[in-house]
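Enquirer: Before I ask anything, here is the structure I am working with.
The values are calculated or read from the model by the stated rules, or taken from the named source; none is laboratory data. All of these numbers come straight from a predicted model, not from anything done at the bench. Note that each Cβ is placed from the backbone with ideal geometry, even for glycine, and that neighbours are counted across all protein chains shown.
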Number of protein chains: 2
Amino acid sequence: MGMPRWESDAQGRLERAALELFETQGFDRTSVAQIAGAAGLKERSFYRYFPDKREVLFAGDELEAHLVAQVEAADPGLTAIEALLTALGTAEGIFRPREFLLRRGRVIAANPALAERDLIKLADIADALAPALERRGVEPGRARFIIDVALAIHRRALPRWLAEPDTTLAQLMDEAAAELREAVAQPVPPGR
Amino acid sequence: MGMPRWESDAQGRLERAALELFETQGFDRTSVAQIAGAAGLKERSFYRYFPDKREVLFAGDELEAHLVAQVEAADPGLTAIEALLTALGTAEGIFRPREFLLRRGRVIAANPALAERDLIKLADIADALAPALERRGVEPGRARFIIDVALAIHRRALPRWLAEPDTTLAQLMDEAAAELREAVAQPVPPGR
């Protein structure tokens, strides 16, 4: 048995090298040549996997493709939000170890350029999920709304999942959904 | 009586001139000099109000400051989400006419550079609202979650409000909140 794909392949080596360098010397002071060198590759090879330094922690469209496939394969009896929450609950940790995601989250939060890229990536994922919900018969405006809410639930659960090794993401998303249910339970007060 | 501030001042003239030019000749083909010229100003004056062309439709921090002030002044008896929804319901249309916001939304949606700026602006607003909720005693992770949900409700209501002149934003946000309440009403199915 060889190492898992991500442990052994060039793309994974570049991601781990970049994360390590961003942590130790900062995002701004790290060059593509340094990342490639630390991964045992030529600088040219870096650009086979990523268009630039900012993209190296946002590995392609793997997560987006996974989520869209999950929503498309979801039981037709599930509501839109159930289908989305189920898909999101399976997504994290499939491609990267939790330890990597935890460190990655810290590096992104500390670098405005990466935080902006993260926002745009999330919006791209939302855009990609909308047609999958529409094919389930959800009206486009409502699809986008349900996606925004599901991503908010995911965002609430993710840091707790990363910080608490004995939990599953699906379980913490269930808790966040319950928290939301309780927060919106009472109608908005009259007289607004 | 003079014209309302926004009708007469240089910043408002620049915004209207920019919107008109972005609509007729496109964002990419419009220069700062053209915007300033169409507003009857020198190019240099543009930079007194906006750092660059991309910023002209995202007028400073007026909306953010308004929302934070509203949340801070909200009745302490309101829950976090009630305080946020009330603040968001009063915010639109205060600074710009609905017609301007409708056209602005179309221009932003059609230009990736502006759509990215819009995402970042929204995240900035969320970041600014979090401390205001925390001062009301809301735990930081929960504050961010409630803000994400309130912004999702606002985003659901806004295009309908812009398209339907006989509505109020607060009324359409109430409808979106009811839609959310219904969408999350049933617990997630067992066996996840």
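Enquirer: Read through the list (1) under 14 Å from residue A:92 (Cα atoms); (2) of a type outside the set (Gly, Ala, Ser); (3) away from chain B (no Cβ under 11 Å); (4) over 13 Å from the mean Cα position of the chain (by Cα), then give the number of the only condition that residue A:131 fails.
Expert: (1)
Enquirer: Let me ask something additional. Pick from B:185, B:163: which is within 13 Å of chain A (Cβ to nearest Cβ), more than 25 Å from residue A:182 (Cβ to Cβ) and surrounded by fewer than 16 Cβ atoms within 10 Å (Cβ to Cβ)?
Expert: B:163
Enquirer: Inspect the stretch A:75-83 for any residue being assigned to a helix (DSSP H, G or I) and among the polar types (S, T, N, Q) and give the result as yes or no.
Expert: no
Enquirer: Among what's in the stretch B:62-92 and is within 10 Å of the chain's Cα centre (by Cα) and of a type outside the set (A, V, I, L, M, F, W, C), pick the residue that is modelled with the lowest pLDDT.
Expert: My answer is B:92.
Enquirer: Kindly indicate whether residue B:41 is surrounded by 13 or more Cβ atoms within 10 Å (Cβ to Cβ) and either among the hydroxyl-bearing types (Ser, Thr, Tyr) or closer than 22 Å to residue A:123 by Cβ (or both).
Expert: No.
Enquirer: Is at least one residue of the stretch B:61-80 surrounded by 18 or more Cβ atoms within 10 Å (Cβ to Cβ), within 14 Å of another protein chain (Cβ to nearest Cβ) and closer than 22 Å to residue B:161 by Cα?
Expert: Yes, some residue in the stretch B:61-80 is surrounded by 18 or more Cβ atoms within 10 Å (Cβ to Cβ), within 14 Å of another protein chain (Cβ to nearest Cβ) and closer than 22 Å to residue B:161 by Cα.
Enquirer: Can you confirm whether the stretch B:100-110 contains a residue that is under 28 Å from residue B:75 (Cβ atoms) and under 14 Å from the mean Cα position of the chain (by Cα)?
Expert: yes
Enquirer: Every residue in the stretch A:134-160 that is within 12 Å of another protein chain (Cβ to nearest Cβ) and not aliphatic (A, V, I, L, M), please.
Expert: Those that are within 12 Å of another protein chain (Cβ to nearest Cβ) and not aliphatic (A, V, I, L, M): A:139, A:140, A:141, A:142, A:144, A:145, A:148, A:154, A:155, A:156, A:159, A:160.
Enquirer: State yes or no: is residue A:124 charged (D, E, K, R), in a helix (DSSP H, G or I) and modelled with pLDDT of 95 or more?
Expert: no
Enquirer: Now for a separate question. Would you check which residues across the stretch B:101-114 are surrounded by 15 or more Cβ atoms within 10 Å (Cβ to Cβ), of a type in the set (A, V, I, L, M) and within 14 Å of chain A (Cβ to nearest Cβ) and list them?
Expert: Within the stretch B:101-114, B:108, B:114 qualify.
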